[in-house]
1. Using a 7 Å offset from the Cα along the Cα-to-Cβ direction at both Ile116 and Asn236, what is the distance between the two label points in nm, to one decimal?
2. Which angle between 0 and 90 degrees, to the nearest 10, do you get for helix 132-141 versus the longest principal axis of the chain when only C-alpha atoms count?
3. Which residues make up the longest stretch of the chain clear of GluC sites (Glu not before Pro) that lie in a DSSP loop with no more than 16 other Cβ atoms within 10 Å, not counting the sites?
4. How far, in degrees from 0 to 90, does helix 201-215 lean away from the longest principal axis of the Cα atoms of the chain, to the nearest 10?
5. So if we plug the beta-carbon distance of Glu73 and Lys41 into 1/(1 + (r/R0)^6) with R0 = 22 Å, what FRET efficiency do we get, rounded to 0.05?
6. Nearest 5 is fine: what % of DSSP beta bridges in the chain come out antiparallel, could you say?
7. Would you work out if segment 125-238 is rounded, prolate or oblate? Take a ≥ b ≥ c from the square roots of the eigenvalues of the alpha-carbon gyration tensor; rounded if a/c is under 1.5, else prolate when a/b is larger than b/c, oblate otherwise.
8. If I fit a long axis through the Cα atoms of helix 65-77 and take the longest principal axis of the Cα atoms of the chain, what angle between them do I get, 0 to 90°, rounded to 10?
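Derivation of every value follows stated rules applied to the coordinates shown; laboratory data play no part. These numbers come from a predicted model, not from an experiment. Neighbour counts are summed over all protein chains in view; Cβ atoms, including those assigned to glycine, are modelled from backbone coordinates with ideal geometry.
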Amino acid sequence: MLKVEASHFEHKIDKATFEKTLTEAAVKYAEDSIFFVDNIKQPEVFFFIRRGVEAVLISRGNAESAYLEKVAELFKEHRAIVLMSDDAEFQSIMSQKHGFGVVERLSFKYAPLSPIIVQSLEEGLELKRIDLSLAKRIEGEIDPDFRLFWNSPDDFIEAGGSGLCLLRNGEIVACSWSSYTTDKNVEIAVATRENCRRNGFASLVCKHYINQLLSEGRAPWWSCHKSNSASIALANRLGFQVLQDYSWMFAPRK
């Protein structure tokens with residue numbers, strides 16, 4: 001595998017069918033990532049590692065096994081945490097030969113079959129755009145996974161992260177925010193306070209956030225574990241359609 005500049009990946013963004021926003025963000029903020037291809041002139045394998053944490057393999061489906069093995073070596077060498085790919089052969093190599101755990105995922109695109117109605121807020125509820133003070137509260141009060149995508153609340157704000165919090169009497173009951181974000185695309189995350197679930201709060205805050213993104217000319221994206229039936233159902237209600245199966249892979253614990 002050959003180390004290359006981010007420009008080698010620019011043409012892959014529009015064609016990406018999974019982790020599209022992550023790929024675009026990696027290219028945009030190239031100083032945070034390292035990029036590799038198998039061949040400069042006619043590459044079949046595109047691989048990058050972002051912030052030493054996330055790694056993405058994009059292949060054309062006919063990559064040689066030797067190059068896929070080199071990707072596995074690079075992943076281990078850089079000690080990244082999660083490896084993402086839609087290449088079935090690569091998934092087989094990583095799970096069977098290297099003992100990686102595989103989590104099946106679904107990628108969704110926003111394609112509502114009919115206009116999505118954004119409900120007005122009931123009395124006692126209010127929406128607030130996520131600023132630094134709210135970003136600091138999200139991780140501690142409602143969603144510990146916030147730190148999986150952002151190094152810190154300050155990092156979230158400085159990188160142009162956005163989102164909405166739904167509050168009741170000053171308490172965050174649900175929030176929807178950008179796990180990855182660029183000028184064109186936003187990957188959406190959502191969380192609801194545990195004792196406030198099954199009240200439609202997640203759907204409500206997501207609809208308002210999606211409406212905000214569309215008004216800004218940005219496309220919302222959704223992804224989740226294939227086993228997460230609640231997230232899949234919510235995505236469908238919001239107007240998302242399944243685009244691609246892919247996998248997250250994790251190195252075996254020593």
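1. 1.6 nm
2. The answer is roughly 80 degrees.
3. 124-215
4. Taking the Cα atoms of the chain, the angle to 201-215 is about 70 degrees.
5. With a Förster radius of 22 Å, E is 0.45.
6. Working: 51 of 58 bridges.
Of all bridge pairs located within the chain, approximately 90 percent are antiparallel.
7. Since a/c stays below 1.5, the shape of segment 125-238 is classed as rounded.
8. The answer is roughly 60 degrees.
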